[in-house]
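Engineer: Take this structure first; my questions come after.
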Amino acid sequence: MSTAEQPDHAAAVAAQTARFVDLVRGADLTAPVPTCPGWTLADLVRHCGGVHRWFSALLLKKVQERPTSRDVDLRLPEREEDYADWLAAGGAAAAEVFAATDPDAPMWVWGADGHARFWIRRMLFETLVHRVDAERALGLASSIDAPLARDGVDEFLVNLPYATPFAPGVAQLRGTDQTIRFRCTDTDGSWLVRLRPDGFGLVADGTGDVTGDGHEAGAEADATVGAPAADLLLVLYGRTPRTAPGVESAGNAALLDLWFAHSAF
């Protein structure tokens, strides 16, 4: 996906945070979060607000090496009834950092794109997915715009090979050149992942674009998963089962079992 086709990630972070805040304001924060076993809604808010502050600190410092500590002043309120305002404040502070940051500035990241923009895009989908988690906890339906979901699928698949430091199961995604195609059925978007003996990754299309949207888009794959973009994003994140209505899978079932057993983070 070219930069021109991407959403405004900073604006989308603000929008997703606002939706999250509206959900938790006045809600029962002791409610369990079914998509995050063992967590309550309060845990979810603390996590997401902490992520906002941590990523903002990284951006402010323009860190060039992997940090040795994740200590950051969270300013977490004592009363859980103040968590919604705290979450909103973290989003507002992040927006100020984004506005003062050159997205093309080089810096340390854990993923594929070694620039400040990585953290803004990562914060977006961290917030969006946890907003969906909050909706699940409250028994509410979720909606995600297709272009935004498509960008989220791309962000997930591009960065997943680098996630082993905090998702060690990803190291089990190995194969003998088997391929899986992930495809949006309601918008453009097709990604071909190849599992090799030494790892896995997206197959480049020969132009430097590793999303698989070029001439590889029609290549045969050993297994396929197709769904509307919003559903495909949530399937990849383990929030929606791949057997759900509207999700189509075909091909090597054992390969898909391997993928979904080890790709969560």
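Engineer: Would you mind computing the Rg to Rh ratio of segment 115-163 from its alpha-carbon coordinates, Kirkwood style for Rh?
Structural biologist: Rg/Rh for segment 115-163 comes to 1.02.
Engineer: At a probe radius of 1.4 Å, what is the per-residue accessible area of Val97, in Å² to the nearest 10?
Structural biologist: Its heavy atoms expose roughly 10 Å² to the probe.
Engineer: Using just the helices of the chain, give the 222 nm mean residue ellipticity in deg cm²/dmol: DSSP H runs with n ≥ 4 each add -39,500 (n - 2.57), and the total is spread over all residues, rounded to 500.
Structural biologist: Numbers: 7 runs with 107 residues, N = 265.
That comes out to -13500 deg cm²/dmol.
Engineer: Okay, next question. Using 7 Å Cα-to-Cβ label points, what is the Leu60/Glu220 separation (nm, one decimal)?
Structural biologist: Modelled inter-label distance: 5.6 nm.
Engineer: Bin width 5 Å, origin at 0, all Cα-Cα pairs of segment 9-143: what percent of pairs per bin?
Structural biologist: P(r) for segment 9-143, in whole percents per bin: 2, 11, 22, 21, 19, 13, 8, 4, 0.
Engineer: Using a 1.4 angstrom probe on heavy atoms only, work out the carbon and sulfur share of the accessible area of the chain in %.
Structural biologist: That share works out to 52 percent.
Engineer: Now, a different point. Return one whole number: the accessible area per residue of the chain in Å², for a 1.4 Å probe.
Structural biologist: Per-residue value: 45 Å².
Engineer: Here is a follow-up. Taking 0.36 nm per residue of sequence separation and subtracting the Cα-Cα distance, how much length would be gained by fully extending the chain between Gln172 and Ala261, in nm to one decimal?
Structural biologist: Value of the extension gain: 31.1 nm.
Engineer: Please give the FRET efficiency for Asp71 paired with Thr185, using the beta carbon to beta carbon distance and R0 = 41 Å, rounded to the nearest 0.05.
Structural biologist: Working: r = 44 Å, r/R0 = 1.07.
The computed FRET efficiency comes out at 0.40.
Engineer: Quick one: longest stretch of the chain between exposed loop GluC sites (Glu not before Pro), exposed meaning at most 11 other C-beta atoms within 10 Å and loop per DSSP?
Structural biologist: 79-219
Engineer: If I stretch the segment between Asp8 and Glu78 completely, what's the gain in nm (0.36 nm per residue apart, minus their alpha carbon distance), one decimal?
Structural biologist: Stretched fully, the Asp8-Glu78 segment lengthens by 21.8 nm.
Engineer: Please arrange Leu128, Leu202, Leu60, Leu140 by accessible surface area, largest first, computed with a 1.4 Å probe and ligands excluded.
Structural biologist: Heavy-atom accessible area, descending, gives Leu60, Leu140, Leu202, Leu128.
Engineer: Something else now. Percent antiparallel among DSSP beta bridges with both residues in the chain, to the nearest 5?
Structural biologist: Values: 16 of 21 bridges.
Taking every DSSP beta bridge within the chain, about 75 percent pair in antiparallel fashion.
Engineer: In Å³ and rounded to a whole number, note down the convex hull volume per residue for the Cα atoms of the chain. Numbers along the way, then the final one.
Structural biologist: Numbers: hull volume 34.5 nm³, N = 265.
Given the Cα convex hull of the chain, per-residue volume reads 130 Å³.
Engineer: Measuring from label point to label point, each 7 Å out along Cα→Cβ, what is the Leu138 to Ala105 span in nm?
Structural biologist: Inter-label distance under the simple model: 3.4 nm.
The values are calculated or read from the model by the stated rules, or taken from the named source; none is laboratory data. Fair warning: this is a prediction, and the values are worked out from it, not measured in the lab. Cβ sites come from the backbone with ideal geometry, for glycine too, and all protein chains shown count toward neighbours. Note: areas computed on protein heavy atoms with side chains; ligands, DNA, RNA excluded. Shrake-Rupley method; radii C 1.70, N 1.55, O 1.52, S 1.80 Å.
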